[in-house]
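Step one of this worksheet: look at the structure below.
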Amino acid sequence: MMKRIALFSILSLATFAQGTKSDYERAASLAKRTDIPMARTRVEPQWQGDSFWYRAETEPGRHEFIFVDCTKGTRALAFDHKKLAEALFEATRKGVDPSRLPLERLTVNGEENWVRFHYERTRWHFARDTGVLRELPDDIAPEAVPADLKPRPSRTLADAADTHIVFTNKTSGPVQTFWLDETAGRHPYMRLKPGEAHKQHTFAGHVWLAETAAGIILGVYEGRFEELHADIVELPAQPKKVEKETKTDSAEKPVWKPFVRDFNVWIKHRESGEEVQLSRDGVKDDAYSGQFQISPDGSRFVAMQVKPEQEHKVYFVESSPKDQVQPKLHEHQYLKPGDRIRTERPRLFDLAKRAPIPLNDELFSKPWDIGEVRWAADSSRFTFLYNERGHQVLRIVNVTADGSATTLVEDKSATFVDYSQKHWHQWLDGSGELLWSSERDGWNHLYLFDAKTGAMKNQITKGTWNVRNVDRVDEEKRQLWLRVSGAIPEQDPYYIHLARVNFDGAGFTLITGGDGTRAESRKTAASFSPNGKWLVDNYSRVDMAPVTEVRNVETGALVCELERANADATVAAGWTMPERFSAKARDGKTDIFGIIIRPSNFDPAKKYPVIEEIYAGPHGAFVPKAWGKQIRQHMIAELGFIVVQIDGMGTNFRGKAFQDVAWRNIKDAGFPDRIAWMRAAAESRPWMDLTRVGIYGGSAGGQNALAGLLHHGDFYKVGVADCGCHDNRMDKIWWNEAWMGEVGPWYADNSNVTHAHKLTGKLLLVVGEVDTNVDPASTMQVANALIKADKDFDLLIMPSTNHGSAETPYASRRRMDFFVRNLHGTEPRKP
């Protein structure tokens, strides 16, 4: 009987052991096992007025062609695929799979009920109603690829596929092709001779431009998911413009050209060559730059006097360089909080008087940055954007021609102005107005100002939600196209939707719906129809694969759903769907959002340690919202853990009061909210064992992970801190001064070095030997403080490794081992 009990106990331990070799193998193979192409995730519409067609991937290697009539709200097969395959076989005696039709240069005509395409180097016409297929004679001109003449930036599409554009120069002269990047910047590629063709590799959504040697644009083409053929042809002859004669004033004043010599501003007469020195205060360490902003009437100009930043070198030794046996000493310039930064100050000069005009710098005496110097059209004044060091003032300064400076528009804060993540403005020269984003009412919204007087005309957007990006400004219609979050109360407030609003604040319309989110960046542009009436919208959630639908741009109404991707195959391969969860914050009122990830062999009857992946940087929100596999988190979960991610107070995009918790208080990291969230989750999830909680993170998350152990050691028992900026005085200047302001006693109070003696849990510090993002010495200073406090900890230094060293295979495995050993109490990878 005793032998049976003993055997049962051994079997039970083996059955419920965690962190075993098989768990590690399952975790290691997760990425490969779940690398399953997902069908119906994207739609690349080929617009034809109020209709379009697209190719839908139904499963790997299989597809179908869909035709959508937006006015009727219908979606259907573009043609009978089986009939067409049969007709092609009859015509060519070659078998064609209806689900793999290799059609190129497809055109669908909904009104006349036919499709035309290329197949086997031949052009075909197929009647959709009768199923009759006929070969098109060569004298019928091929369908022209829709080509625009207006350059636009390339788009970053989800799962953008490799594709090609075949350019054929059908003009009488040479043609140059350019790739347009995400800012519409030009990058030259092939130069095609007359009659020459070139097959250019590209990606769906990337934009290409073709122009003549004289710089005349002949076509703008966007890569599709299928190969595109672009015939570059001559433009129709345009009538010559008759230029009006411009009379020249013979009594015009001499034109002077400013330049810098011996650190000072000089001017030179363009005709006589006479030179005059205008400034005398320029010296080597406070010299004038060679960039000038000359007024439209040529009477005055602005120059910048510049003090260089101080030298602050960071040194580190690379012990194991790849190209030599001996170590290497590295150094790089790296400003830290409190350092002297490069400062520019505007200086005004009068060309007629050939003298400087004194400026009172009271409104811009302590700059972090001064930029965007611009003259008014009538030369009566110039303006510039002033960001004050400490980041509590952001203003546009208005300087009149006589040197008087006043504030045009400004934002002030008792905490910080989030200039790096939220600020946006645009001048409307046609109407003499200024668009300006601000959190002055507690939420990031848009305002309209009189650009001359600075008087606010009206607040454009309003509510307990945020404007995240401005996609487009339509000055003619006086409308803005926006990306907003939190505008649908019943949804997760981080979800991004597209909206439209008039300059006067009227007509606010959400163009998108659906319980999910979109890309935040306007670079990943939504797919509007060329006539602007329709939108093909793609959205997803962390627990829902992408959905694509068509919406009416004017009303935001749903026209029809196009595609809904399915993740069943990924789940069947051993991936678990994350669970969304929300609970109240420390104030008992504010909702805190996060996700829960379980192992694939999850057993609700068991108890699992909980591990939080943390990144509490005030510049963003970090819990995944859109569809993705989160492989790192799932790999850790496979070892027998519940992995959670949470956005606590102090992070971004939930209103200013929410983010202000981080002001001079980085060590808070939203921990009271995170702990409350986990406790609320565990109330209805008894399998979450909150007596065994771990935490890990990198960079700012590394600082947070250690802070969790130091300040909340009663809750977090085990932590792994990678490349942490453990002392904000040791880290890069811009990020830390953005949230902590100028250096003061609060910097030391937030330092993990200061509080190292409070460590009670198990700690693994990881750092890359050649980290150029966060000074590696920051981690070593924490180690030094722990040694002085006689605290046990583990330290892993990764030779010749830069920032994010914990995500290398070795360090990642060591991190998993550390959690298995200290939360499961077992030796990793043992049977």
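The values are calculated or read from the model by the stated rules, or taken from the named source; none is laboratory data. Treat the numbers as computed from the prediction; the structure is a model and nothing was measured. Cβ sites come from the backbone with ideal geometry, for glycine too, and all protein chains shown count toward neighbours. Keep in mind that these areas ignore ligands, DNA and RNA; they rest on the heavy atoms of the full protein, side chains included. Shrake-Rupley method; radii C 1.70, N 1.55, O 1.52, S 1.80 Å.
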**Study point:** Considering residues of the range 82-111 that are assigned to a loop (DSSP other than H, G, I, E, B) and open to solvent by less than 20 Å² (accessible area, probe 1.4 Å) only, the residue modelled with the lowest pLDDT
**Key:** Leu103
Review point. Thr41 is checked against (1) surrounded by fewer than 15 Cβ atoms within 10 Å (Cβ to Cβ); (2) out of contact with any helix residue (DSSP H, G or I) (no Cβ under 9 Å at 6 or more places or on another chain); (3) under 30 Å from Arg632 (Cβ atoms) and fails just one. What number does that condition carry?
Key: (1)
Check your understanding: So which pairs qualify, if the first residue must be in the range 808-829 and over 12 Å from Tyr24 (Cβ atoms), the second must be among the acidic types (Asp, Glu), the Cβ gap must be under 8 Å, and the two must be at least 6 apart or on different chains?
Key -> Ala811/Asp722; Arg815/Asp722; Phe818/Asp794; Arg821/Glu827
Check your understanding: Taking only pairs six or more apart or across chains, which ones have beta-carbon atoms under 6 Å, a first residue in the range 354-366 that is within 26 Å of Glu274 (Cβ to Cβ) and touching a residue at least 12 places away in the same chain (Cβ under 8 Å), and a second residue that is open to solvent by less than 70 Å² (accessible area, probe 1.4 Å) and assigned to a helix (DSSP H, G or I)?
Key -> none
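Of the residues Thr517, Thr464, which is surrounded by fewer than 17 Cβ atoms within 10 Å (Cβ to Cβ), hydroxyl-bearing (Ser, Thr, Tyr) and closer than 24 Å to Arg654 by Cα?
None of the other options fit; the residue is Thr464.
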Review point. Does at least one position in the range 408-422 carry a residue that is more than 30 Å from Gly650 (Cβ to Cβ) and touching a residue at least 40 places away in the same chain (Cβ under 8 Å)?
Key: yes
Study note, to complete from the structure: Pairs returned, first residue in the range 780-804 that is more than 17 Å from Gly702 (Cβ to Cβ), second residue that is assigned to a strand (DSSP E or B), beta-carbon separation under 7 angstrom, 6 or more apart or interchain, are Ser800/Glu318
Exercise for review: Considering every residue within the range 798-808, establish whether at least one is part of a helix (DSSP H, G or I) and over 17 Å from Leu706 (Cα atoms).
Suggested key: yes
Check your understanding: Lys717 is checked against (1) within 19 Å of Met816 (Cβ to Cβ); (2) of a type in the set (D, E, K, R); (3) under 32 Å from the mean Cα position of the chain (by Cα) and fails just one. What number does that condition carry?
Key -> (3)
Review point. Of these, Phe65, Phe79, which one is open to solvent by less than 20 Å² (accessible area, probe 1.4 Å), more than 35 Å from the chain's Cα centre (by Cα), closer than 19 Å to Leu562 by Cα and touching a residue at least 24 places away in the same chain (Cβ under 8 Å)?
Key: Phe79
Practice item. Those residues that are of a type in the set (Asp, Glu) and open to solvent by 50 Å² or more (accessible area, probe 1.4 Å), I need them from the range 414-431; list them, please. Key: Asp429
Check your understanding: Considering Leu482, Leu498, Leu510, Leu448, which residue is in contact (Cβ under 8 Å) with a residue 12 or more places away in the chain, surrounded by fewer than 19 Cβ atoms within 10 Å (Cβ to Cβ) and of a type in the set (A, V, I, L, M)?
Key -> Leu510
Check your understanding: Within the range 545-568, can one find any residue that is out of contact with any Phe, Trp or Tyr (no Cβ under 7 Å at 6 or more places or on another chain), outside any strand (DSSP E or B) and within 30 Å of His824 (Cα to Cα)?
Key -> no
Point to revise | Hey, Val782 part of a helix (DSSP H, G or I), within 21 Å of Tyr315 (Cβ to Cβ) and not polar (S, T, N, Q) or not | key: yes
Review point. Yes or no: Phe52 under 21 Å from Arg123 (Cα atoms), assigned to a strand (DSSP E or B) and either at pLDDT 95 or above or open to solvent by 50 Å² or more (accessible area, probe 1.4 Å) (or both)?
Key: no
Exercise for review: Quick one: in the range 646-660, of everything that is within 16 Å of Gly708 (Cα to Cα) and in contact with a Lys or Arg (Cβ under 9 Å, 6 or more places away or on another chain), which residue is most open to solvent (accessible area, probe 1.4 Å)?
Suggested key: Met649
Exercise for review: Pick out the one residue from Asn538, Asn458 that is in contact (Cβ under 8 Å) with a residue 12 or more places away in the chain and either outside any strand (DSSP E or B) or within 30 Å of Phe581 (Cα to Cα) (or both).
Suggested key: Asn538
Review point. If you go through the range 594-617 one residue at a time, do you hit one that is among the small types (Gly, Ala, Ser), within 21 Å of Gly648 (Cα to Cα), within 20 Å of the chain's Cα centre (by Cα) and open to solvent by less than 50 Å² (accessible area, probe 1.4 Å)?
Key: yes
Check your understanding: If we scan the range 574-596, do we find a residue that is assigned to a loop (DSSP other than H, G, I, E, B), aliphatic (A, V, I, L, M) and either within 22 Å of Arg518 (Cβ to Cβ) or at pLDDT below 95 (or both)?
Key -> yes
Point to revise | Leading residue by the ranking (farthest from Leu562 (Cα to Cα)) among those in the range 112-121 that are free of Cβ contacts under 8 Å to residues at least 24 places away in the same chain and surrounded by fewer than 17 Cβ atoms within 10 Å (Cβ to Cβ) | key: Arg121
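Considering each of Leu84, Leu77, Leu133, Leu103 in turn, give the residue that is under 30 Å from Leu218 (Cβ atoms) and of a type outside the set (D, E, K, R).
Just a single option satisfies the conditions, and that option is Leu103.
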**Study point:** Residue check for Phe641: among the hydrophobic types (A, V, I, L, M, F, W, C) and closer than 18 Å to Tyr716 by Cα
**Key:** yes
Review point. Does Gly574 qualify as being over 27 Å from Gln48 (Cα atoms) and either touching a Leu at 6+ places or on another chain (Cβ under 8 Å) or not hydrophobic (A, V, I, L, M, F, W, C) (or both)?
Key: yes
Review point. Which one of Val753, Val743, Val718 is closer than 25 Å to Lys606 by Cα and of a type in the set (Val, Ile, Thr)?
Key: Val718
**Study point:** Residue list for the range 164-219, filter: part of a strand (DSSP E or B), closer than 26 Å to Thr41 by Cα and either open to solvent by less than 10 Å² (accessible area, probe 1.4 Å) or touching a helix residue (DSSP H, G or I) at 6+ places or on another chain (Cβ under 7 Å) (or both)
**Key:** Ile165, Leu180, Thr202, Val207, Trp208
Check your understanding: Residues Lys762, Lys732: which one is more than 34 Å from the chain's Cα centre (by Cα) and open to solvent by 10 Å² or more (accessible area, probe 1.4 Å)?
Key -> Lys762
Study note, to complete from the structure: Of the residues in the range 770-817, those that are hydrophobic (A, V, I, L, M, F, W, C) and either open to solvent by 10 Å² or more (accessible area, probe 1.4 Å) or at pLDDT below 95 (or both) number 12
Check your understanding: Within the range 256-270, restricting attention to residues that are modelled with pLDDT of 95 or more and open to solvent by less than 30 Å² (accessible area, probe 1.4 Å), which residue is farthest from Asp402 (Cα to Cα)?
Key -> Asn264
**Study point:** Residue list for the range 480-516, restricted to those being among the polar types (S, T, N, Q) and touching a His at 6+ places or on another chain (Cβ under 8 Å)
**Key:** Ser485, Thr512
